[in-house]
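A quick write-up on the structure given underneath.
What follows draws every value from the coordinates through simple rules; no lab data is involved. Since the structure is predicted, the reported quantities are computational estimates derived from the model, not experimental observations. Positions of Cβ are backbone-derived with ideal geometry, glycine not excepted, and every protein chain shown enters the neighbour counts.
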Amino acid sequence: MATETYSTICFECHSRCGVLLEVEDGRVVGIRGDKTHPHSQGYICPKGRACMEIMYHPDRITRPLVKVGGRDSGQFEETTWENALEIIAENLSRCKEKNGPESVVFGAGTTRGLAPYLNRFLSEFGSPTFMAPSNMSGGPVVVGSAATCGFTMVDPDYANSSCILLWAHNPEQSWPGLYMNSIREGLKNGARMIVIDPRGTRLAQKADHWLQIRPGTDVALVLSFLHVIIQHGLYDKHFVENWCSGFDRLVEHVSRFTPDKVSKITWIPPKDIVNTAVTFAKNSPAAIGPGMAGVCQHNDAFDLNRALTILSAITGNLAVPGGNLQCTPPTRKRSCYGPDFDTFLNLPEEQAGKKLGLDRFSLLRFIPIPSPPQTVWPAIEKGEPYPVRAVGLFANNSVCAYPNSARVRNALRSLDFLFAVDYFHTPTTELADVILPPAHWAERDDVEDLLMMNHVMAQPRVVEPVPECRDEKQILIDLAEKLGLDGFWKSVEEILDYRLEPINMSWEEFKKEGRYYEPIKHKMYEQKGGFRTPSGKAEIYAEFLQNLGISPLPQFREPPESPESTPALVKDYPLVLTTGGRNIVYYHSSHRNIPSLRMHAPDPELQINPATAGRKYINDGEWVDLVSPRGRVEIKARFDETMHPRIVHSPHGFWHGVEKGWKRININMLTDDENLCPVTGSVPIKSLLCRVEKKQF
Ligand SMILES: Nc1nc2c(c(=O)[nH]1)N[C@H]1C(S)=C(S)[C@@H](COP(=O)(O)OP(=O)(O)OC[C@H]3O[C@@H](n4cnc5c(=O)[nH]c(N)nc54)[C@H](O)[C@@H]3O)O[C@H]1N2
Ligand SMILES: Nc1nc2c(c(=O)[nH]1)N[C@H]1C(S)=C(S)[C@@H](COP(=O)(O)OP(=O)(O)OC[C@H]3O[C@@H](n4cnc5c(=O)[nH]c(N)nc54)[C@H](O)[C@@H]3O)O[C@H]1N2
Ligand code: SF4
Ligand SMILES: [Mo]
């Protein structure tokens, strides 16, 4: 049988590696890395290699399903697309009639490239609220950096850098295909490496400086770096004089953040703070890699991302080769994270103003990120500020992904109508009235531009969808037709042509071309006569923030639950808990049903210092209880000499395979969804208190 090979993009995680798929008789039979891809250069990880296992998994949902026997039955019946879409359209229309279009919310998780399409659909329907976890995933980087320098600081130029600073970021596990080749190249060329992480990851072990920070105290550390750099006169005086606003106020502000004082806050020795700051400032150009979750799950996440951008600014590393690049992929509606991420072109101002979260997080008005899920729950639970009664979830296991799982589940359970689009059954789809089966990434056409600097890639469909799975863009088109939303696109091709319009290519042409690259321009602020900020400068002291009631300088806030802020809790919960460090074999809550991946990490494991475990007579590999003020889960103790004796780490996303008991191992049963960052809505789930108990039998 003839084997055909097709080049496309793996969509199993954010890295978006180039892959070659082998197809026989309409089925994918092989996958390997594409050496010609500019970032992944032939690399492929275990998740990518598991492509066929995922696509042709016996449990994959392949037909639309409707619930039978009531909300909690967990029972579904197969139905036709026609009927499933009819039920959805009917319920959405009824909800709109009764409570207004804003009572219908669509949500996605990592968005899987769907954000522009979901936003357009909602705006045609009349609802302003697209719910996604950007508030704990990249959103604070976008908002914090854009407010400071007018672009998003998500494109570190590691390969050309003399100093690679990984701040709460372990790309070896989380972004292997996108960043590791350029990090390796930078290191080969002699770059220094700094890692700021409570865990002694492999990259931390290799680094010139590894600072084992107490979770949630990062802003204090950046402010101390700034203090040291200013004190040693190591900042870029020319850049500061010409391109920064309010530097003097910063000097005064950081003078209080002496290494001695910050050492007590962060648990890092003062001399390490000084030496690391000096290494960073002396080795230019330097690139900062902010983790998309590590710096986005704190109650001061906005201030942290402002502070990191200021660090890059005053050391002259903004928008220069080897520093943090200014990139805007030349597509219309970047698939995620872009400043044009979410626009409601067709909504009247009054309706757009009803977007959930706008009233609490004023900056969302200027730098639109989706509505934080935590602003949707009160609308479902209490009708505040108005009722939300119907929700559609695309590629999102809300119940397991979001903090305070019990609350999330109750909220979704109480809706009048819920539909979900997913490959597999999850604790979230279980609550749905209708489940739709999406096409796999190898079964759909798309345009890919996520975090790929100025690259745009074609992701052509290489096989027809497994019957009867359907491209989610097509699902939206079909649903729009049923609802009479005339402004929505009429075909997938029309959608992709729209996105490619700025590069003057149609999808048919681009598919053949495969790639497009726009050279990156450096120091655009010089050519444009300033940064895209209110003052035209890098906003060090930002007056426009003050006018919005936001601190004009980055402020450190103790985590809301910590040995310092809640000392009364420490007796019962003596350990600091951080959650959600990535594992290369899993993507969030996915892949636990894929044998070749699961064998690498079958159980959730708590990284704990052996001495800490020893005090409770806990052995390596023993199942223990992990307890927070909000609940209790089971987890396996895994001894790790590199862990600080007072800090433990738990992964997230475990739920699968526990008969009727996903709650027993889901870490978000312990996390909190209060005390949000006042500017970005970030949830402080990287720093909580807990205790570990030996199991009583
Ligand atoms: N405690 C803790 N919780 C966290 C985090 C943490 O660090 N700590 N991280 C958070 C972050 S940053 C994020 S982004 C969220 C992610 O949260 P989610 O995006 O909800 O997580 P996933 O498990 O990746 O995806 C959910 C579902 O999408 C399905 N899926 C995969 N591909 C597709 C597709 O193409 N189409 C459709 N329709 N479905 C698909 C999978 O089968 C899976 O069931 O989790 C958050 N949760
Ligand atoms: N394999 C895999 N890859 C993924 C994902 C996945 O689920 N699986 N998820 C994707 C998504 S949606 C996202 S948002 C990104 C996240 O990307 P990143 O944020 O880069 O995630 P990690 O690589 O886990 O790095 C976070 C690091 O921060 C450390 N850390 C924890 N708490 C603190 C703290 O308070 N301060 C500091 N300085 N460090 C801390 C952790 O120990 C961890 O090593 O990963 C993406 N890539
Ligand atoms: S790192 Fe793995 S899962 Fe992610 S895009 Fe690359 S091959 Fe796919
Ligand atoms: Mo994320």
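Tabulated values for the structure
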quantity: Within straight-line cross-link reach of K537, lysines at Cα separation under 27 Å, skipping those fewer than 8 residues along the same chain; calculated: K237, K282, K333, K521, K523, K528
quantity: Efficiency of FRET between D248 and K490 - r from beta-carbon atoms, R0 60 angstrom, step 0.05; calculated: 0.60
quantity: In sequence order, calculated HN-Hα J values of region 454-466 (Karplus, 6.51, -1.76, 1.60; Hz; x Gly/Pro); calculated: 9, 8, 10, 10, 7, 10, x, 5, 10, 9, 5, x, 3
quantity: Packing rank of 138-145, 347-354, where each peptide gets the mean count of other beta carbons within 10 Å, highest leading; calculated: 138-145, 347-354
quantity: Within the chain, helix-based [θ] at 222 nm, where runs of 4 or more DSSP H residues each add -39,500 (n - 2.57), nearest 500; calculated: -8500 deg cm²/dmol
quantity: The chain shape via C-alpha gyration tensor axes, a/c threshold 1.5; calculated: rounded
quantity: Lysines whose Cα lies under 17 Å from that of K206, excluding same-chain neighbours fewer than 8 positions away; calculated: K188
quantity: Cα shape, region 4-55, gyration tensor, a/c 1.5 rule; calculated: oblate
quantity: Long-range amide H partners of G323 with built H, under 5 Å; calculated: D157
quantity: Cβ-derived FRET efficiency at R0 35 Å, K694 paired with R71, nearest 0.05; calculated: 0.40
quantity: Sorted by Cβ density within 10 Å, fewest first, the residues T111, T279; calculated: T279, T111
quantity: Under 13 Å from the Cα of K96 - aspartates and glutamates, other chains or at least 8 residues apart; calculated: E124, D416
quantity: Segment Q555-H600, length gained on full extension (0.36 nm per residue, minus Cα span); calculated: 12.1 nm
quantity: FRET efficiency, E381 to E641 (Cβ-Cβ, R0 41 Å, nearest 0.05); calculated: 0.40
quantity: Neighbour-count order for I61, I503, fewest beta carbons within 10 angstrom listed first; calculated: I503, I61
quantity: Additional length obtainable on full extension of the chain from D625 to Y56, 0.36 nm per residue less Cα span; calculated: 201.2 nm
quantity: Full-stretch length increase - E509, K271 - with 0.36 nm per residue and alpha-carbon distance subtracted; calculated: 79.9 nm
quantity: Cβ-based exposure ranking for T266, T8, in which fewest neighbours within 10 Å come first; calculated: T8, T266
quantity: Paramagnetic label zone (point 7 Å from Cα along Cα-to-C-beta, K282; backbone N under 14 Å) in region 160-198; calculated: 163, 192-193
